[in-house]
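Participant: Attaching a single structure in structure tokens format; questions to follow.
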Amino acid sequence: MLLLDLALFSQHINARASSNETLAQFYADRFRDEAKVAFAAWMATRPFENPDAPAKPFVTNFYQPRLLAEAGLAETESERWGEAAGEAGRTGRSYVLVTVLLAVALFCEGTSSKFEKPWVCRATLALGMGALLFAITRLLMLPAQL
């Protein structure tokens, strides 16, 4: 939309420079609403007579495109959704970690009886119990949605 406004403004200035007021008015009538407001405010500064006037209406506070403001709001909302998605991903990975720890605990408990030496059997059981306790602790710290 900004490019359209710039193109129409450029054509308007070219027509005005060629002293073709009919064509200049033709282009001015086709300005979008935001550009019309900016152009009217710019023309009020008498840019063709006043050397201190802004060079064009798009470099001042005159031009306030509605779509640009909406894009800013949408960007803010997308950042908020992005942060929420990141948090959901971290929570999901934590649940996967708990699942893996529970699988390790089950594996250790199931294989401990297969060892011949009692100390290996106890160590495997202790490792499985540690994995189970850590998994339960992590599970209790995770957010739950009911």
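Participant: Output the residues belonging to segment 45-63 that are within 22 Å of residue 4 (Cα to Cα), of a type outside the set (Phe, Trp, Tyr) and either surrounded by 10 or more Cβ atoms within 10 Å (Cβ to Cβ) or within 16 Å of the chain's Cα centre (by Cα) (or both).
Facilitator: First, the residues of segment 45-63 that are within 22 Å of residue 4 (Cα to Cα): 47, 54-63.
Among the residues that remain, those that are also of a type outside the set (Phe, Trp, Tyr) are: 47, 54-57, 59-61.
Hits for segment 45-63 are 47, 54, 56, 57, 59, 60.
Participant: Can you tell me which residues in segment 94-121 are exposed (fewer than 13 other Cβ atoms within 10 Å of the Cβ) and not in a helix (DSSP H, G or I)?
Facilitator: Those that are exposed (fewer than 13 other Cβ atoms within 10 Å of the Cβ) and not in a helix (DSSP H, G or I): 116, 117.
Participant: If residue 91 satisfies all but one of (1) of a type outside the set (A, V, I, L, M); (2) exposed (fewer than 12 other Cβ atoms within 10 Å of the Cβ); (3) under 30 Å from residue 139 (Cα atoms), what's the number of the condition it fails?
Facilitator: Every condition holds for residue 91 apart from (2).
Residues checked against (1) more than 30 Å from residue 4 (Cβ to Cβ); (2) without any contact (Cβ under 8 Å) to a residue 12 or more places away in the chain; (3) in contact with a strand residue (DSSP E or B) (Cβ under 9 Å, 6 or more places away or on another chain):
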site: 65; (1), (2), (3): no, no, no
site: 70; (1), (2), (3): no, yes, no
site: 77; (1), (2), (3): no, yes, no
site: 103; (1), (2), (3): yes, yes, no
site: 122; (1), (2), (3): yes, yes, no
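Yes or no, residue by residue, for (1) of a type in the set (Gly, Ala, Ser); (2) not in a helix (DSSP H, G or I):
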position	(1), (2)
27	no, no
35	yes, no
46	no, yes
54	no, yes
67	no, no
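Computed from the coordinates by the stated procedures, all read-outs in this text should not be read as laboratory data. Note that the structure is a prediction, hence the values are computed from the model and not measured. A quick note on method: Cβ atoms are made from the backbone with ideal geometry, for glycine too, and the neighbour counts reach across all protein chains shown.
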